[in-house]
Every structure is written in structure tokens, then in C-alpha cells.
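> Below is the structure I would like to discuss, written out as C-alpha cells.
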Amino acid sequence: MDDTHALSNGDASQNIPSLREMLKVQGTHFMAILEHMSDGLSVLDREWRYLYVNHRIEEMAGKKRSELLGKNHWELYPEAVDTIFDHKLHQAMEQQISLVFEALYPHSNRWYLTRVSPAPGGLVISYQETTAQKQREKELLFQAQITYSMSDALIVSDMHYIIRSWNPAAEHIYGWKADEVIGKNALEILTGSFQTGSRETFLHEMATRDHWEGEVLQQHRDGSQRLILASVSTVKDHNGVVLGMVAANRDITEIRRIDLENLRLLEEIQIEWAHLRAVLDQMPSGVIIAEAPTGQLLMGNRQMEQLLRHPFLASASIEGYTKYQGFHPDGRPYQAEEWPMARSLRTGEVVSAEEIVYQRGDGTRGVMQVSSAPVRDEQGEIVSAVVIFADITEQKAVEQRKDEFIGMASHELRTPLTSLKAQTQLLRRTARKKNLPEVQAPLAKIEGQINRLERLITELLDVAKIQTGRLESHNELLSIDPFVHEMAENFQEITPTHRIIVSGSTNRQMTGDRQRLEQVLINLLSNAVKYSPQADRVEIQLSTEGADALIQIHDHGDGISHEHVRHIFERFYRVTTSQNDGISGLGIGLYIADNIVKQHGGMIRVASISEEGSTFTISLPTTTQ
Ligand code: ADP
């Protein structure tokens, strides 16, 4: 007897077993469905014990049904305690309510959509795994984020050019909001002209290669033009049917403007450089330019090659400067870092007119007068240095011949003068003896002039000696104060116009050449008197400064203006002003004085205020107190 037949039968008492059978059969079907469900299903009693688990639960748990049934859920899965699963399941159990929630199961790192329903005596729980879906969602979100944060405009249109998507960058570049353009025709919004190719090539490439890339000039909402680098592709479905187009457009207006600006600047620099080059090549001096801080030599002008008689020798660093062969006056070769260029680059030193003996390219030697200076940027950093030099070999030779001539001439003049002086003295003595006053007076005048001539010739000889380094000295121990007082008194005797006032003291002694130091003092005192014709006094102040004795000679003359002060110690230098007009001199007194003081290890300084007078300070190293 089959079940259907039994059902159609009217006998209820007879039908009960068959009904049970039927229910059993249906239960079996039902169980089979549960078993083959893709969701995991479990039934728990109020004590959290497993009453039923389907096959999928076995898979999810990685445990056999026999290992689960009758066991406590929380003991089996302690990792679920205190997670969202714990909270939700307890809530459903306690309140006997149905709940649905999606959460990541901590241990397996998988997502489940969990449905919990109360059942008499427990809970029915189904788990639907959503990990893959979650992953897809994440990817989508990620992609959305990319288009969102892209700086390129990303525009998607359908095959009829109707805009479907418009990212924030597109809003920024074109000035239209997404909701203002979505649904509109892209060809109406993105108007402009092709910069590379044409509309035809665009359509052709899209049709044949599904892609086009090029530059277009497009209009912003505000009417301004934007230069756009566009990359457009067709989008097709898997059957090859065109769905629409995607354009990734980049605004290169600013980049191109900067590129053009740079190009223009570069051209300008090139023109300026060409001008500079032309000017440098026309200059009579040799010029070399180097870059800081490397010291790389950038260029040398044409004159440089002519003066040094070799081509520009490139060097990437200061170390390479030894390719240029220079020598100090004492014959020592210039080390790389000693070259004026290296000093200007490294320390910012301004070198002025340094004389360097140079071994030229053709093997001859010449004297170069070299000056150099650093070039600084707006922040004051040294960016380069320039060296300028001239060949003064010829000039030096002429100077040397002139010095030699002066030396020789003064020497030659001195001999007859000495005899002239002796003869005049003899004549004067005879005239006195014979009491011939009318001869005596003119003879005294002649003697005076002879003395003056002798002084001049001696000074010229001194200059020649200084030039050749042959200024001899005879040192002795000197007490400075008595020496100066004595000097001042002697000078006063021959100076009727000014009072010589000595004040202060040094209480020091020094080793020095009495005659030479006398020469210095007489020179400075003579100048003080000579250049202050309106004044009536000259002051000498004695003092000390550390181990040095200071002798200051102060006059009340016209002073020396700033531009002359730094030159007055130079050989043959004279200041010609209206006040000095008519005051004679050779411009060698201070040159000699300065050299004598230097020979004693000291120095002379000048402080001068125009119209108020000058103070010459001699500082001399002393030995004892
Ligand atoms: P000079 O023979 O011309 O006096 P010096 O070498 O002694 O030569 O001096 C050089 C120049 O310095 C002078 O020509 C003069 O212009 C200036 N000078 C020197 N001393 C003084 C001074 N005390 N006051 C003003 N000018 C001075």
C-alpha cells in the first residue's frame, strides 16, 4: 500500500500510521533540503548545546557532526565570546526575537550574513557566507575611490555620448558639477578644438583602435580655455558591443605654460650668455668664471687664451687648478687652494691685483696681475666667482728699468754732490776766516739747497733699495720716550712756523735703527707741517697698546679725503687738490716711512678728517719696559 492510496482511504484510525509515515517521508525530504542548503544551519537548545547541524556547518566548522552535537557552542568556539556573534545570539536567546546581522567572523576572517530565529527550546541559526561579495564591494569601493581622488577628469559616456559619470576632477577642470552634466551630451559640454590631429583622425582611431590620445583645447564653464591631454577609450561588453566611452582628461594648461615659460627663460639665458661671451671676448683682460661650491671652471674668454698662451683648461674642482702653473714672488708654486679663484669661492675673499708669476703655455714666464671676487645670490650665498687678470710683464720690466735708472742716477748724482758740498763748506769756512759776509750769506743758501738735494737723492736711493730689498739697518737698543723728545726738539729748531708739542709716555725700549726711525719721524713731522700751512702746531702723543709703543702725530691741516687715504703709502703717489697746489714733493716719503716701520715689525695707520687734520699712528713692537 502506498501513501497516497492510504490518504485517500477514509479510515482515520487506519490512517494514523500512514500519516506518520508520510510525515516521516516529508521530514526526510525536508532534512535532505536542509542538508544540501548552501547556508549553514544549526539548532541550539537553551543551554547552547547543538541539537542539529547541517552538512554546510560541518564544512564551515571543519568538524564532524558527531564532534558538535550535544556540545556547548561557546566551549567549542571560545573565540566567538565577546564578539558581535556573542552579543546578537544572546540577545536573540534572551529576548526570543529574530535578528539578522552581517559580520566578520574573527577567527576565519570570513564574512557571514547570520539569521537567528527563536525556536521552542532554543535557537535556529543560519549562516550565509558573504566573503566574496564583501570583497567585490571593497574592490568597487576602491575603484570608486580611485576615480574620486584622481586628478584626471574621468568621464564616462554611453555610445550616444550621453554623460553617465563625471568625477570631482572633471568638476574641477571644467567647472560643471556632476549632477549638472550627467544625462547631457558630452559633445555639447566638452566643446573645443583639436591641437593634435583632427576630429577625423579621432573618429578614425576610435573606430579602428578603440583608443585615441591627444591634446585638445577645451572650454571651462567660465569661458576660459584649458589645454587638455585626453585619453579616450571605447568600452565594450564581452560580445564586443560598444557600450560607451571613457575619457581620462588631464589639465596641462599650467604645465604647458610653465614649460613654455622655462623655454623662454632658457632662450633668454642663452641670448644673455651669448652677449656676455661676446663682451668677455672683447675685453682686454683675461677672464675665468667658476661655479661654487664645486669650483668647476665654467669658461675662459679669448683674451685668457692669448695671455696664458694655452687653451682654457677645464677643471671640475678646485683641486684641478694646479693645471694652471703660477708661482709666488719667492718661487713657490701656487697650491690649488691658494689661487685667488679658490679663495673667492671658498671664503668669499676679494683679491685685488695679486701679482703672480705665470708659466705660460709656450714655456715662457710672465707676470699676471690677478683680481678675483665672489658672486653672491640674493640670499648672500656664493654661487660663482670671477677672476680677471692682465699681463703686466712688460710693465714690470719697464718699472724695473725705471727703478734701476733712478737708483743709478741718484748714485751718480750723489758723488758730485758730496764733493760740491765739501767744497762749499770749505769756501764758507774760508769766507768766515777772511770775514767776507757778502759771500758767506749766498754760500749758506747754496749749502741749504745742496742739503735739500742730498735729502732728495738719498730718498730716491732708499726707494731703489726698498725695491731691491737692500734697505740695510743698524739696530741698537732705543729708549723710545727720550728718542722722540730729542727728535722733536731738533725738528722744532728748524721749524719756525709750528709748535711741536709732545705729550704722554711709553716707558718702553725697542730694538731699532735710530737713523731710519728718525727718518720716519722727520718725514711725518715734515708732512704735518707742510700740509697744515694755516695751523700753528703739531702734536705728538706717546702711549702704549699691549706690547706696542704708539707714536701719534696729529696735525690741524686739511686732512686727506677717503679715496686717497688707501693710496698715500704707495710709491710716487701724491694727492693733488687745490689746497696742496704748490706744495712740492715726490710722493715717496710715506712709502719709505711705511717700509722702514714694517722692517721694524710695526705699522703706520692714518685717521683723517677732511678740514680737521690727520693723525698718523706709528705702532712699534717693544722689547722691555
Ligand atoms: P710728498 O712728497 O708728496 O709729501 P709723501 O709720501 O710724504 O709724499 O705723502 C704722500 C701724499 O700724502 C702727499 O702728497 C699728501 O697729499 C698726502 N699727505 C701726507 N701727509 C699728509 C698730511 N699730514 N696731511 C695731508 N696730506 C698728507
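> Quick check on my filter: what residues within the stretch 426-441 are surrounded by 10 or more Cβ atoms within 10 Å (Cβ to Cβ), out of contact with any helix residue (DSSP H, G or I) (no Cβ under 8 Å at 6 or more places or on another chain) and among the charged types (D, E, K, R)?
Answer for the stretch 426-441, where residues must be surrounded by 10 or more Cβ atoms within 10 Å (Cβ to Cβ), out of contact with any helix residue (DSSP H, G or I) (no Cβ under 8 Å at 6 or more places or on another chain) and among the charged types (D, E, K, R): just 429.
> Moving on. Might you let me know whether the stretch 237-257 holds any residue that is surrounded by fewer than 15 Cβ atoms within 10 Å (Cβ to Cβ), modelled with pLDDT under 90 and assigned to a strand (DSSP E or B)?
Yes, the stretch 237-257 contains at least one residue that is surrounded by fewer than 15 Cβ atoms within 10 Å (Cβ to Cβ), modelled with pLDDT under 90 and assigned to a strand (DSSP E or B).
> Scan the stretch 482-517 for residues that are over 23 Å from residue 455 (Cα atoms) and touching a strand residue (DSSP E or B) at 6+ places or on another chain (Cβ under 6 Å) and jot them down.
Of everything in the stretch 482-517, those that are over 23 Å from residue 455 (Cα atoms) and touching a strand residue (DSSP E or B) at 6+ places or on another chain (Cβ under 6 Å) turn out to be 499, 501, 502, 503, 504, 505, 506, 508, 509, 510, 511.
> Is it true that some residue in the stretch 530-553 is in contact with a Leu (Cβ under 6 Å, 6 or more places away or on another chain) and modelled with pLDDT under 95?
There is no residue in the stretch 530-553 that is in contact with a Leu (Cβ under 6 Å, 6 or more places away or on another chain) and modelled with pLDDT under 95.
> Tell me yes or no: at least one residue of the stretch 416-429 is among the hydroxyl-bearing types (Ser, Thr, Tyr) and closer than 16 Å to residue 289 by Cα.
There is no residue in the stretch 416-429 that is among the hydroxyl-bearing types (Ser, Thr, Tyr) and closer than 16 Å to residue 289 by Cα.
> Still on this model: Go through (1) away from the ligand (no atom under 12 Å from the Cβ); (2) outside any helix (DSSP H, G or I); (3) under 22 Å from residue 502 (Cβ atoms) one by one and return the number of the condition residue 553 breaks.
Every listed condition holds for residue 553 apart from (1).
> Restricting to the stretch 514-538, and then to whatever is farther than 16 Å from residue 579 by Cα and touching an Asp or Glu at 6+ places or on another chain (Cβ under 7 Å), can you tell me which residue is nearest to the ligand (Cβ to nearest atom)?
538
> For residue 462, work out the one condition from (1) farther than 18 Å from residue 553 by Cα; (2) of a type outside the set (Ser, Thr, Tyr); (3) assigned to a strand (DSSP E or B) it doesn't fulfil.
Among (1) farther than 18 Å from residue 553 by Cα; (2) of a type outside the set (Ser, Thr, Tyr); (3) assigned to a strand (DSSP E or B), residue 462 violates only (3).
Residues checked against (1) free of Cβ contacts under 8 Å to residues at least 12 places away in the same chain; (2) under 25 Å from residue 513 (Cβ atoms); (3) within 8 Å of the ligand (Cβ to nearest atom); (4) not in a strand (DSSP E or B):
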{"site": "540", "(1), (2), (3), (4)": "no, yes, no, no"}
{"site": "549", "(1), (2), (3), (4)": "no, yes, no, no"}
{"site": "558", "(1), (2), (3), (4)": "no, no, yes, yes"}
{"site": "617", "(1), (2), (3), (4)": "no, yes, no, no"}
{"site": "623", "(1), (2), (3), (4)": "no, yes, no, yes"}
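> Also, I was wondering about something else. Any residue at all in the stretch 208-231 that is over 30 Å from residue 187 (Cβ atoms) and out of contact with any Leu (no Cβ under 7 Å at 6 or more places or on another chain)?
No: zero hits.
> With the requirement that a residue be surrounded by fewer than 12 Cβ atoms within 10 Å (Cβ to Cβ) and either under 21 Å from residue 571 (Cβ atoms) or in contact (Cβ under 8 Å) with a residue 60 or more places away in the chain (or both), what does the stretch 469-498 give you?
Matches in the stretch 469-498: 469, 470, 472, 477.
> Filter the stretch 562-590 down to residues that are more than 8 Å from the ligand (Cβ to nearest atom), under 47 Å from the mean Cα position of the chain (by Cα) and surrounded by 13 or more Cβ atoms within 10 Å (Cβ to Cβ) and give me whichever is farthest from residue 459 (Cα to Cα).
Here the residue is 565.
> With the structure loaded, tell me whether residue 447 is buried (at least 16 other Cβ atoms within 10 Å of the Cβ), modelled with pLDDT under 95 and farther than 18 Å from residue 520 by Cα or whether it fails that test.
yes
> Assess whether residue 180 counts as being acidic (Asp, Glu), surrounded by 11 or more Cβ atoms within 10 Å (Cβ to Cβ) and over 48 Å from the mean Cα position of the chain (by Cα).
In short, yes.
> Okay, next question. Considering each residue of the stretch 591-615, count those that are within 12 Å of the ligand (Cβ to nearest atom), surrounded by fewer than 18 Cβ atoms within 10 Å (Cβ to Cβ) and not aliphatic (A, V, I, L, M), and give that number.
Residues in the stretch 591-615 being within 12 Å of the ligand (Cβ to nearest atom), surrounded by fewer than 18 Cβ atoms within 10 Å (Cβ to Cβ) and not aliphatic (A, V, I, L, M): 3 in total.
Matching residues to (1) in a helix (DSSP H, G or I); (2) under 60 Å from the mean Cα position of the chain (by Cα); (3) surrounded by 13 or more Cβ atoms within 10 Å (Cβ to Cβ):
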{"residue": "63", "(1), (2), (3)": "no, no, yes"}
{"residue": "88", "(1), (2), (3)": "yes, no, yes"}
{"residue": "102", "(1), (2), (3)": "no, yes, yes"}
{"residue": "107", "(1), (2), (3)": "no, yes, no"}
{"residue": "112", "(1), (2), (3)": "no, no, yes"}
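> Does residue 353 satisfy the condition of being exposed (fewer than 14 other Cβ atoms within 10 Å of the Cβ) and under 22 Å from residue 274 (Cα atoms)?
In short, no.
> Still on this model: Can you tell me which residue among 190, 217, 243, 227 is farther than 18 Å from residue 153 by Cβ and either of a type in the set (A, V, I, L, M) or in contact with a His (Cβ under 8 Å, 6 or more places away or on another chain) (or both)?
Exactly one residue qualifies, and that residue is 243.
> From 119, 186, 132, 170, which residue is out of contact with any Asp or Glu (no Cβ under 8 Å at 6 or more places or on another chain), more than 30 Å from residue 256 (Cβ to Cβ) and surrounded by 12 or more Cβ atoms within 10 Å (Cβ to Cβ)?
Only one candidate passes the filter, namely 119.
> A follow-up question, please. Condition (residue is more than 15 Å from the ligand (Cβ to nearest atom) and closer than 21 Å to residue 599 by Cα) applied to the stretch 501-508: is it met by at least one residue?
yes
> Working only within the stretch 573-614, note down all residues that are of a type in the set (S, T, N, Q), under 26 Å from residue 548 (Cβ atoms) and in contact with a Phe, Trp or Tyr (Cβ under 8 Å, 6 or more places away or on another chain).
Scanning the stretch 573-614 gives a single hit, 614.
> Is the stretch 214-225 home to any residue that is polar (S, T, N, Q), within 21 Å of residue 166 (Cβ to Cβ) and modelled with pLDDT under 90?
Checked against the condition, which is being polar (S, T, N, Q), within 21 Å of residue 166 (Cβ to Cβ) and modelled with pLDDT under 90, the stretch 214-225 yields no hits at all.
> Same structure, new question: Can you find even one residue in the stretch 354-363 that is touching a His at 6+ places or on another chain (Cβ under 9 Å) and over 16 Å from residue 389 (Cβ atoms)?
Within the stretch 354-363, one or more residues are touching a His at 6+ places or on another chain (Cβ under 9 Å) and over 16 Å from residue 389 (Cβ atoms).
The values are calculated or read from the model by the stated rules, or taken from the named source; none is laboratory data. Source: prediction; values computed, not measured. When we count neighbours, we look across all protein chains shown, and the Cβ atoms used for this are built from the backbone with ideal geometry, even at glycine.
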